[in-house]
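K.L.:
Quick one: structure below, then a few questions.
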Amino acid sequence: MSHAASVSPNLSEAIAAAGQCGAPAASGLSAIGLFGGMVSVLLQALLSAQCQVSPASKWPADYDGELGEEPYDFVVIGAGSAGSVVASRLSENPDWRVLVLEAGGDPPAEAELPALFFGLQHTEFTWNYFAEPSELASRGLKDGRVYWPRGRMLGGSGSANAMLYLRGNRRDYDGWAALGNDGWSYDEVLPVFERSVRAQGNESHPKGYVTLNPFERQDDDIQQMIIAGGLELGVPHVAEFAEGSETGYGHAPGTVRQGERMSTAKGYLAAVAKARPNLHIVKHALVQQLHFHEDLLQGISFERNGRLQRVEVAKEAVLSAGSIDSPALLLRSGVGGREQLQELGIPLQLELPGVGQNLQDHLVVPLFLRLNEGRTQAATPQEILDSVYEYLIHRTGELATHGTASLVGFVNTNGSSIYPDVENHHLFFRRGRHDQLEMFLRGVSFQEQYLQHLQSLLRDSELLCVFLLLSHPQAKGELRLQSRDPAVPPLLVSNYLSEREDVATVLRGIRYVESLERTQAFQAQLAEMVRIPLEECDAQHAYRSDGYWSCYARHFTITCYHQAGTVKMGPATDDQSCVSPRLQLRGARNLRVADASVMPNVVSANTNAATVMIAERAADFIRDDWQHHQEQQQQQRQPKVQHMHADDL
């Protein structure tokens with residue numbers, strides 16, 4: 001059983017503290033039955049509320065009809081953050097038959113609760129990928145391998161992420177356009193962002209959109225400490241991250257509503273599926289291969305319930321399997337570098353050497369600060385039970401949010417630009433909440449001795465973990481197939497901290513957190529950087545020296561789950577580009593890619609918002625191109641009119 005599926009130690013203590021109580025007569029309790037009836041009603045209400053957290057009715061039905069009778073106009077591979085958007089938009093046209101193939105099923109109840117997002121890791125609802133070991137990074141993680149989970153359920157990684165909605169900034173998208181990606185500048189994509197978060201449709205004709213709301217605020221004293229500390233260092237508190245306020249501390253909105261996650265699978269697919277008979281969603285469908293005839297994608301084979309099936313494509317297919325599975329599927333289908341495919345005995349269909357290259361990710365170095373040692377009370381079992389009740393009955397409280405995680409800091413560490421070079425996230429653990437710390441540390445695969453050291457500090461202190469995120473990684477990794485068998489995961493190379501510029505930026509980011517530690521706001525909470533015993537670092541470097549922190553970073557290098565760039569978008573002159581600026585796979589007539597894999601450079605913020613924007617653009621391109629195609633056909637069908645000249649009369 002995974003750590004996510006077990007009852008937390010704190011909750012077990014709460015149940016034990018409540019004690020056992022049998023029937024009133026048997027236990028010697030004097031009662032007339034009135035109160036017992038009230039308790040029975042309460043228990044039934046709690047059980048009913050639990051069933052309503054994630055009932056099957058929340059999700060689109062699993063289509064079980066025949067798939068091979070006639071081709072679908074459009075087949076979308078993946079019902080994640082991007083695929084759900086593409087399928088929803090294309091199926092707005094009732095004349096287009098749209099099929100979605102999703103490898104997973106409905107999300108579990110835990111995916112709905114914002115506080116439990118780390119608990120989804122290492123479960124059947126994620127693809128549990130690990131990058132290759134490296135001497136340069138992640139040495140303090142289990143087996144020296146950084147864990148890269150990707151969502152395996154409706155909503156994809158958008159059903160497992162922290163739900164933060166951050167778009168990035170002008171420099172990100174103008175940078176894409178400067179590389180030759182016409183139509184992708186900030187001014188051109190901003191209206192698409194705005195449209196995607198605007199409520200659309202009505203009850204009889206629903207349309208999908210991104211639901212945004214503020215997270216419920218918890219731990220206000222810690223949030224105010226972080227904001228005040230930033231102000232002491234000249235980092236402003238901003239109402240929202242928009243043009244003119246690219247750096248600062250602010251509360252990011254989230255894809256949440258009334259304490260529940262609102263992934264695109266819910267907001268774009270489930271919201272419209274019942275009203276659209278032309279939209280079919282097949283769950284637990286693991287796509288095996290794309291079948292080409294020269295430059296035409298003819299069909300897609302997938303495995304479902306142990307049976308291999310194939311569906312034909314009439315117009316186009318859209319690959320939205322994410323930055324790991326999209327390039328892996330292309331490679332298995334013979335699309336990629338000639339040499340790699342030959343080594344595996346895969347027949348070459350389209351030679352695109354950039355597939356699987358340009359792998360970028362926002363690495364994170366987690367820094368821990370000990371707060372209020374001996375000054376605060378530990379969380380009680382009663383408080384934990386209260387939080388469960390409050391969520392079940394009211395969808396509010398501790399489980400309806402993720403504490404300080406929505407307070408984000410964008411910082412430029414060397415004052416050279418108005419744009420950030422690091423992003424800080426904050427995870428706060430109250431004294432005694434060993435269950436929450438365990439869920440986080442096991443989720444990111446900390447080695448046991450480091451986990452136990454941090455747990456020991458939580459006995460008499462609070463802990464603040466600052467996620468130091470590298471906004472513009474210079475290092476690029478790669479993805480390669482190990483086998484043509486889809487059951488064998490691809491080989492992933494992070495190349496974290498392999499570029500000197502990345503190491504220098506991380507060190508400046510650590511120095512910034514040290515400066516926060518020294519502010520009056522932090523000192524008022526007795527803030528102190530945690531020194532985790534690291535035999536190698538302690539033996540070779542003075543504590544807090546550049547050498548020490550570099551060694552620390554090479555031990556604790558984790559991910560912010562923002563892999564991107566492996567099916568790079570670019571102009572035809574870029575020999576590493578895989579898709580055109582209209583997201584068409586180079587060399588193929590009818591296949592597009594729409595997910596974070598097409599980003600030429602990862603945006604300097606969490607990637608989910610940008611991924612939704614990319615999907616909206618893909619749907620726009622497809623509709624525009626097929627409308628143009630239809631207009632051309634109509635013109636060709638029109639009879640030519642003979643015009644007579646005056647001389648002919």
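K.L.:
What ranking of TRP127, TRP549 comes out by heavy-atom accessible area, probe 1.4 Å, highest first? Mind dumping the intermediate values first?
P.N.:
Numbers: TRP127 50, TRP549 5 Å².
My answer, sorted largest first, is TRP127, TRP549.
K.L.:
From zero up to wherever the largest Cα-Cα distance of region 403-489 sits, split into 5 Å bins and tell me the percent of pairs in each.
P.N.:
Spelled out bin by bin, region 403-489 gives 3, 11, 15, 15, 13, 13, 13, 10, 5, 1, 0 percent.
K.L.:
For the pair VAL41/GLU132, report the inter-label distance in nm, with labels modelled 7 Å from Cα in the Cβ direction.
P.N.:
Simple spin-label model gives 6.5 nm for this pair.
K.L.:
For a test of the definition: using alpha carbon positions, the gyration tensor, and the 1.5 limit on a/c, classify region 179-220 as rounded, prolate or oblate. Spell out each step's value before the answer.
P.N.:
Numbers: a/c = 4.40, a/b = 1.26, b/c = 3.49.
Oblate, because a/c is 1.5 or more while a/b does not exceed b/c.
K.L.:
Have a look at ALA137, MET38, PHE621 and report the one farthest towards the positive end of the charge dipole of the chain, computed about the Cα centre with Cβ charges (Lys/Arg +1, Asp/Glu -1).
P.N.:
Of the options given, the answer is MET38.
K.L.:
With only Lys, Arg, Asp and Glu charged, each at its Cβ (+1 for the first two, -1 for the last two), find how big the charge dipole of the chain is about the Cα centre; round to the nearest 20 debye.
P.N.:
Working: 54 positive and 77 negative charges, 127 e Å.
Charge dipole of the chain: 620 debye, to the nearest 20.
K.L.:
Of the GluC sites (Glu not before Pro) in region 193-294, which ones lie in a loop per DSSP and count no more than 12 other C-beta atoms within 10 Å? List each step's numbers first, then the result.
P.N.:
Values: sites: GLU194, GLU203, GLU216, GLU232, GLU240, GLU243, GLU246, GLU260, GLU294; in loops: GLU203, GLU216, GLU240, GLU243, GLU246, GLU294.
Loop-located and lightly packed - GLU203, GLU240, GLU243, GLU294.
K.L.:
How large is the Kirkwood hydrodynamic radius of region 454-544, in angstrom, based on all distinct alpha carbon pairs? Intermediate results must be reported in sequence, preceding the final value.
P.N.:
On the way: mean 1/r = 0.0595 Å⁻¹.
Hydrodynamic radius (Kirkwood, Cα pairs) of region 454-544 is 16.8 Å.
K.L.:
For region 141-221, treating each Cα as an identical point scatterer without solvent, what Debye log10 I(q)/I(0) comes out at q = 0.17, 0.19 1/Å?
P.N.:
At q = 0.17, 0.19 Å⁻¹ the computed log10 ratios are -1.04, -1.10.
K.L.:
Please give the per residue accessible area of the chain, computed with a probe of 1.4 Å over protein heavy atoms only, in Å². Spell out each step's value before the answer.
P.N.:
Values: 27510 Å² over 649 residues.
Roughly 42 Å² per residue, with all protein chains present.
K.L.:
Less than 13 Å Cβ to Cβ from SER580, Lys/Arg counted +1 and Asp/Glu -1: what total charge do the surrounding residues give? If you can, show how the numbers build up before the last one.
P.N.:
Values: positive: LYS568, ARG582, ARG586, ARG589, ARG592, ARG617; negative: ASP182, ASP574, ASP625.
After counting each charged neighbour, the total is +3.
K.L.:
With a 1.4 Å probe and every protein chain kept in, tell me what percent of the accessible surface of the chain is carbon plus sulfur. Mind dumping the intermediate values first?
P.N.:
Details: 13690 of 27510 Å².
Carbon and sulfur atoms account for 50 percent of the accessible area of the chain.
K.L.:
Give the relative contact order (percent, whole number) for region 406-458; include only Cα pairs under 8 Å separated by 6+ residues.
P.N.:
Relative contact order here is 27 percent.
K.L.:
Relative contact order, percent, of the chain when contacts are C-alpha pairs under 8 Å separated by at least 6 residues?
P.N.:
Here the relative contact order equals 21 percent.
K.L.:
Calculate for the chain the 222 nm mean residue ellipticity that helices alone would give, adding -39,500 (n - 2.57) per DSSP H run of length 4 or more and normalising by residue count, nearest 500 deg cm²/dmol.
P.N.:
Numbers: 16 runs with 189 residues, N = 649.
-9000 deg cm²/dmol, from helical runs alone.
K.L.:
Still on this structure, please answer the following. So, by mean Cβ neighbours within 10 angstrom, what's the order for 534-541, 492-499 with the highest one leading?
P.N.:
Details: 534-541: 14.1, 492-499: 21.5.
Listed from highest to lowest mean packing, they are 492-499, 534-541.
K.L.:
Give the peptides 94-102, 341-349 in descending order of average Cβ contacts within 10 Å, highest first. Present the calculation step by step, with values, prior to reporting the outcome.
P.N.:
Working: 94-102: 21.4, 341-349: 14.2.
Result, highest mean Cβ count within 10 Å first: 94-102, 341-349.
K.L.:
Taking K and R as +1 and D and E as -1, what net charge do the other residues with C-beta under 12 Å from the C-beta of GLY565 add up to? Intermediate values should be presented prior to the final figure.
P.N.:
Numbers: positive: LYS476, LYS568; negative: ASP361, GLU478, ASP595.
Once all neighbours under 12 Å are counted, the net charge is -1.
K.L.:
Same structure, new question: Rounded to the nearest 10 degrees, what's the angle between the helix 9-18 long axis and the longest principal axis of the chain, both from Cα atoms, 0 to 90?
P.N.:
Helix 9-18 and the main axis of the chain meet at about 50 degrees.
K.L.:
OK, next. What do you get for Rg/Rh of region 496-551 when both radii come from the Cα atoms and Rh is the Kirkwood radius? Working shown, then result.
P.N.:
Numbers: Rg = 12.9 Å, Rh = 12.5 Å.
In region 496-551, Rg relative to Rh is 1.03.
K.L.:
In degrees between 0 and 90, to the nearest 10, how far off the longest principal axis of the chain does helix 546-555 point, with axes built from Cα atoms?
P.N.:
70 degrees
K.L.:
Now a separate question. Which net charge results for the neighbourhood of ASP546, defined as the other residues with beta-carbon distances under 14 angstrom from its beta-carbon, given Lys and Arg at +1 and Asp and Glu at -1?
P.N.:
+4
K.L.:
Find the Cα radius of gyration of region 174-260, compare it with 2.2 N^0.38 Å by division, and give the number to two decimals.
P.N.:
Working: Rg = 17.6 Å, N = 87, 2.2 N^0.38 = 12.0 Å.
Ratio of Cα Rg to 2.2 N^0.38 Å: 1.46.
K.L.:
On a 0 to 90° scale, report how tilted helix 186-196 is relative to the longest principal axis of the chain, with both axes built from alpha carbons and the result rounded to the nearest 10.
P.N.:
Long axis of 186-196 versus the principal axis of the chain: about 80 degrees.
K.L.:
Compute from the Cα atoms of region 234-364 the Rg and the Dmax, the latter being the longest Cα-Cα distance, and quote both in angstrom.
P.N.:
20.8, 61
K.L.:
Quick one: compute the contact order of region 441-568, relative version, from alpha carbon pairs under 8 angstrom and 6+ residues apart, as a percent.
P.N.:
Working: 78 pairs, mean separation 26.7, N = 128.
Relative contact order of region 441-568: 21 percent.
K.L.:
Beyond 17 Å, what share of the Cα-Cα pairs of region 356-451 is found? Please give it as a whole percent.
P.N.:
Details: 3094 of 4560 pairs.
Within region 356-451, distances greater than 17 Å cover 68 percent of Cα pairs.
K.L.:
Oh, and also: Of [x] 26.3; [y] 29.4; [z] 25.5, which one was derived for Kirkwood radius over Cα pairs in Å from the structure shown?
P.N.:
Computed from these coordinates, Kirkwood radius over Cα pairs in Å corresponds to label [x].
K.L.:
Could you tell me the distance between the Cα centroids of region 55-131 and region 422-465, to the nearest Å?
P.N.:
Value for the Cα centre distance between the two parts: 33 Å.
K.L.:
In addition: Can you tell me which of 315-321, 386-392 comes out highest on packing, and rank the rest after it, using the mean Cβ neighbours within 10 Å?
P.N.:
Working: 315-321: 26.9, 386-392: 17.1.
Per-residue mean Cβ counts within 10 Å order the peptides as 315-321, 386-392.
K.L.:
Then there is this: What trypsin sites (Lys or Arg not before Pro) does region 438-530 have in DSSP loop regions with at most 10 other beta carbons within 10 Å? All intermediate terms of the calculation are to be shown ahead of the outcome.
P.N.:
Values: sites: ARG442, ARG459, LYS476, ARG480, ARG484, ARG500, ARG508, ARG511, ARG518; in loops: ARG459, LYS476, ARG484, ARG518.
Sites meeting the loop and neighbour criteria: ARG459.
The values are calculated or read from the model by the stated rules, or taken from the named source; none is laboratory data. Note that the coordinates shown come from a computational prediction; the quantities given were computed from them, not determined experimentally. Glycine also receives a Cβ, built like all others from the backbone with ideal geometry; neighbour counts cover every protein chain displayed. Ligands, DNA and RNA are excluded from the accessible area calculation, which covers all protein heavy atoms including side chains. Shrake-Rupley method; radii C 1.70, N 1.55, O 1.52, S 1.80 Å.
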